[in-house]
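The structure appears right after this line, and notes come after that.
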Amino acid sequence: MATADLNKLQQILANAEENDAVLTQIRKHVVKVNELMTELNAMLEPGFRVEKKERKPRAANSTGKRPGRPKKNPSAE
């Protein structure tokens, strides 16, 4: 009888640990969802303007060649 109670107690403790981990993950996800909803509400405001991102210029190549595969040479055939 005592072993059955101990097994049940161990099972309850194991389930509690798993449930605690799941609750922690849910809390983290709820925080992320709240942040995204705030961002979405800001985007839906009538005066919202999209900010243009500045493109960085490409780095100059030291060899002067363009990136990519070289063109086929017809005289090589």
For K52, list the lysines whose Cα falls under 27 Å from its own Cα; do not include residues on the same chain fewer than 8 positions away. K32
Using only Cα atoms, figure out Rg for the chain and give it as a multiple of 2.2 N^0.38 Å. 2.64
Can you give the accessible area per residue of the chain, in Å², using a 1.4 Å probe? 113
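Looking at the chain, which trypsin sites (Lys or Arg not before Pro) are DSSP coil and have at most 13 other C-beta atoms within 10 Å of their C-beta? Present the calculation step by step, with values, prior to reporting the outcome.
On the way: sites: K8, R27, K28, K32, R49, K52, K53, R55, R58, K65, K71, K72; in loops: R49, K52, K53, R55, R58, K65, K71, K72.
Answer by residue number: R49, K52, K53, R55, R58, K65, K71, K72.
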Carbon and sulfur together cover what percent of the accessible area of segment 1-43 at a 1.4 Å probe radius? 63
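The values are calculated or read from the model by the stated rules, or taken from the named source; none is laboratory data. As the structure is a computational prediction, the values presented were derived from the model and not from experiment. Note that we place each Cβ from the backbone using ideal geometry, even for glycine, and neighbour counts take in every protein chain shown. SASA here: full protein model, heavy atoms, side chains in, ligands and nucleic acids out. Shrake-Rupley method; radii C 1.70, N 1.55, O 1.52, S 1.80 Å.
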